[in-house]
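Written below as structure tokens is the structure these notes are about.
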Amino acid sequence: MALLEIENLHAEVDGKPILKGIDLSIEAGQVHAIMGPNGSGKSTLSYVLAGREGYEVTEGSIRLDGHDLLEMEADERAVAGVFLAMQYPVELPGVTGMTFLREAVNARRKAVGEEEIDAMGFLKMVRAKAKTLGVTDDMLKRAVNVGFSGGEKKRNEILQMAVLEPKFCILDETDSGLDIDALKVVSEGVNALRTPERSMLVITHYQRLLNHIEPDVIHVLAHGRIQKSGGKELALELEQNGYADFVEAAA
Amino acid sequence: MADKATLPLLTAVPKTEGGSPWLTKLRRTAVENAERTGLPGVRTEAWKFTNLNALKALEPVAATGTAEIARLPAFADLQAVELHLSNGTLTHADAMPEGVDLVGLAEPDDAPDWVSETLGTVAETAPHPFTAINTGAFTGGIALRIRKGAAVETPILLLVDTRSLEGAGTVAAHPRILVVVEDGAMADLVEVHTGGGAYVNNAVTELVIGKDARLGHYKLQAESGEAFHIAMTAARCAANSTYDNFALSTGATLSRNEIRATLAGRHIEYRINGGYLACGDQHMDTATFIDHAEPDCASHELYKGVLADRAHGVFQGKILVRPDAQKTDGYQMNRALLLSREAEINSKPELEIYADDVKCSHGATVGELEDDQLFYLMARGIPEERARAILVSAYVDEAVDHIQREPIRDAFRAAAAEWMQKNIAGAPAEGGL
């Protein structure tokens, strides 16, 4: 059985249908990419998977490791192994990076009946991971994302992913707002987290990111449905022809 | 027009005859002012959001007797010299650090010149009936002098406690606090107000801050849930001084914390920050007035409120920039977080500017917790209740972090955390953030 199974997923926002029957199955260890024009439903899909309020599933199912995600709140999904790297990471004034990470790790441990993490060991582990992502001690001491550059925010997202060690990662437009150097650091960070057990769903508008994070499968999303799936060659095709074919085909 | 009610709070018959001429005159004028004005009514502009009917219905008696006062847990670790005012009476005083003079105000007739020359010169009684009542009726309190050039490292912790003893009924206390910081001197004063049962604490703190002096003045209002807390802080600052003021309110059924400062010299740095945390049916009124009388001064004001249940917050902040006060740099902001649909805030920021070369801004915001912040925390596995509590804590800490002395800041963070733990489900343990 695949790690993530999405069947006939329909979802709406404010009563407006956005996802209109998505079928997607991702095996453990695989990286899938979803590409699509603006307004195709890419970000909606990421929020529906993560369990954000206001995104109503009207039909279909999502299973992670056989568990019904739609029965879970956002925090329960995170504990079950879902991680959404946000397109626009949120600023948390007054909450330091270290506190945020510790709260997140301890929430997970509490949910599975483990003791709170040892503070010193945790600090060391976070610092080591932060270093490889170019996240400074200063960033960890400051309030989460407050005053961070676009690149710093995205690196911070990947650091959270590295610390929380989820089963299934959704990267929502992780390349947006990044220059080429920052893109490289972030992509290397993501690639370092690829394991035979962990799956990823990379959502992007541009092919550029997929040069750095090479997916096993690419899907084209338009009008709330997956219009086409294929290998790496599909990204190149899109790069040359754009999304016009898909936008018109389904219109 | 003010309500011309009798003055139920004027519990002690003031000695307006016989004593030292300066005190007799001060008391007499104060009582006249109080009787002329009466207690504020709903049509008194400065009190229009705070209904005092419940206070007026009380028939309090003078607070008598004294009780032991213990530190709140949040202040347990603060290294400080302690002063205790129980029901307005000075009941305990540690030895004061070098450079500090302490005088009790139970028998002010015999007070030294530095007291008689300053007491009542900053806290005006004509427009402020509660201050007038305090001035007319105070039976105790303290006067502190920080001598010229003295740098007092150890904070002075003043514990003010009011409670009815042996079935005395509802009591009213009028503690009086005077602090004179002479030129070039530095000190930190921490006021903690607590109590038990129903009572009225009508406190006046008067501050004279000299040239090149620095005063940190930090106040926690943690009165009993049935108490009425009416307080006036009045400060006059001289040139090149720094006044770091912070007030946190968590207690009382009804409280009014008024802070007035006159910046009467050039290059004064005035920091006035604070927070109000209210739940149940609490009513918390904060009124601040900053008088920029001279050029080149800066004032920074940030207040943050958290209002849960049916709590009602009031913030009235006025900045006056007089014609001479060119190059004034004034900032004022009140932010309120409403945690329930029944909670309420009245915010009235006000700028009155007569100088033409100034930089002043003010504002007020009212909001709920941000959905996207809540989702962000939950998407990392943190349950909703905990996520809300983390965001509220962080919100409050942002104001508390303005306290400039670190050990005192830690104590106030702990006090805020204590309130959170009692009143906000899922709140992180003290020091958790």
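The values are calculated or read from the model by the stated rules, or taken from the named source; none is laboratory data. Note that the structure is predicted; figures quoted are calculated from it, not measured. Positions of Cβ are generated from backbone atoms using ideal geometry, with glycine treated the same way; all protein chains shown enter the neighbour counts.
Right, A:E56: away from chain B (no Cβ under 14 Å) and in contact (Cβ under 8 Å) with a residue 24 or more places away in the chain or not?
Numbers: away from chain B (no Cβ under 14 Å): yes; in contact (Cβ under 8 Å) with a residue 24 or more places away in the chain: yes.
In short, yes.
Of all the residues that make up the stretch A:18-43, how many are within 24 Å of B:D371 (Cα to Cα), away from every other protein chain (no Cβ under 14 Å) and either in contact (Cβ under 8 Å) with a residue 60 or more places away in the chain or of a type in the set (S, T, N, Q) (or both)?
The initial filter retains those residues of the stretch A:18-43 that are within 24 Å of B:D371 (Cα to Cα), namely A:18-19, A:38-43.
Filter again for away from every other protein chain (no Cβ under 14 Å), leaving A:18-19, A:38-42.
Pick out the ones that are also either in contact (Cβ under 8 Å) with a residue 60 or more places away in the chain or of a type in the set (S, T, N, Q) (or both) and you get A:18-19, A:38, A:40-42.
So the answer is 6.
From B:G381, B:G313, B:G317, which residue is surrounded by 22 or more Cβ atoms within 10 Å (Cβ to Cβ), out of contact with any Cys (no Cβ under 9 Å at 6 or more places or on another chain), without any contact (Cβ under 8 Å) to a residue 60 or more places away in the chain and under 23 Å from B:G216 (Cα atoms)? Outline the logic, then answer.
Values: B:G381 fails: under 23 Å from B:G216 (Cα atoms); B:G313 fails: under 23 Å from B:G216 (Cα atoms).
Residue meeting the stated conditions: B:G317.
Spot the failing condition for B:L338; the list is (1) out of contact with any Lys or Arg (no Cβ under 9 Å at 6 or more places or on another chain); (2) more than 25 Å from B:E294 (Cα to Cα); (3) surrounded by fewer than 19 Cβ atoms within 10 Å (Cβ to Cβ), and only one is missed.
Condition (3) is where B:L338 drops out.
Looking at (1) within 11 Å of chain A (Cβ to nearest Cβ); (2) assigned to a strand (DSSP E or B); (3) among the small types (G, A, S), which is the only condition B:G363 fails?
(1)
Just to verify a result, which residue in the stretch B:389-400, among those that are without any contact (Cβ under 8 Å) to a residue 40 or more places away in the chain and touching a helix residue (DSSP H, G or I) at 6+ places or on another chain (Cβ under 7 Å), is farthest from the other protein chains (Cβ to nearest Cβ)?
The initial filter retains those residues of the stretch B:389-400 that are without any contact (Cβ under 8 Å) to a residue 40 or more places away in the chain, namely B:389, B:391, B:394, B:397.
Remaining after also requiring touching a helix residue (DSSP H, G or I) at 6+ places or on another chain (Cβ under 7 Å): B:389, B:391, B:397.
On the way: B:A389: 10, B:L391: 8, B:D397: 5 Å.
Among those that are without any contact (Cβ under 8 Å) to a residue 40 or more places away in the chain and touching a helix residue (DSSP H, G or I) at 6+ places or on another chain (Cβ under 7 Å), it is B:A389.
When you scan the stretch B:187-215, how many residues do you find that are within 18 Å of B:Y270 (Cα to Cα) and either out of contact with any Phe, Trp or Tyr (no Cβ under 9 Å at 6 or more places or on another chain) or outside the structural domain of B:N257 (by TED's automatic domain parsing) (or both)? Spell out how you get there, then give the answer.
Filtering the stretch B:187-215 for residues within 18 Å of B:Y270 (Cα to Cα) gives B:187-190, B:205-215.
Checking the rest, the ones that are also either out of contact with any Phe, Trp or Tyr (no Cβ under 9 Å at 6 or more places or on another chain) or outside the structural domain of B:N257 (by TED's automatic domain parsing) (or both) come to B:187, B:205-206, B:208, B:210-212.
Residues flagged as within 18 Å of B:Y270 (Cα to Cα) and either out of contact with any Phe, Trp or Tyr (no Cβ under 9 Å at 6 or more places or on another chain) or outside the structural domain of B:N257 (by TED's automatic domain parsing) (or both) within the stretch B:187-215 amount to 7.
Any residue at all in the stretch A:144-164 that is in a strand (DSSP E or B) and within 17 Å of the chain's Cα centre (by Cα)? Walk me through it before giving the result.
Here is the first cut: in the stretch A:144-164, the residues in a strand (DSSP E or B) are A:144.
Next cut, within 17 Å of the chain's Cα centre (by Cα) only: none.
Within the stretch A:144-164, none of the residues are in a strand (DSSP E or B) and within 17 Å of the chain's Cα centre (by Cα).
Give, as residue ranges, the strands (runs of 3 or more DSSP E) completely inside the stretch B:199-293 that count at least 1 residues that are among the acidic types (D, E), within 21 Å of B:V179 (Cα to Cα) and more than 15 Å from the chain's Cα centre (by Cα). Reasoning before the result, please.
Numbers: elements: B:199-209, B:214-221, B:228-237, B:242-249, B:254-263, B:269-278, B:283-292.
Here the list reads B:269-278, B:283-292.
Is it fair to say A:L171 is under 30 Å from A:A104 (Cβ atoms), touching a residue at least 12 places away in the same chain (Cβ under 8 Å) and within 13 Å of the chain's Cα centre (by Cα)?
On the way: under 30 Å from A:A104 (Cβ atoms): yes; touching a residue at least 12 places away in the same chain (Cβ under 8 Å): yes; within 13 Å of the chain's Cα centre (by Cα): yes.
In short, yes.
Any idea which residue in the stretch A:65-99 is nearest to A:P166 (Cα to Cα), counting only those that are among the polar types (S, T, N, Q) and at the interface with chain B (Cβ under 9 Å from one of its Cβ atoms)? Don't jump to the end; show me each part of the working.
The first filter runs over the stretch A:65-99 and keeps only residues among the polar types (S, T, N, Q), leaving A:87, A:96, A:99.
Of the ones still in play, those that are also at the interface with chain B (Cβ under 9 Å from one of its Cβ atoms) are A:96, A:99.
Working: A:T96: 22, A:T99: 19 Å.
Top of the filtered list is A:T99.
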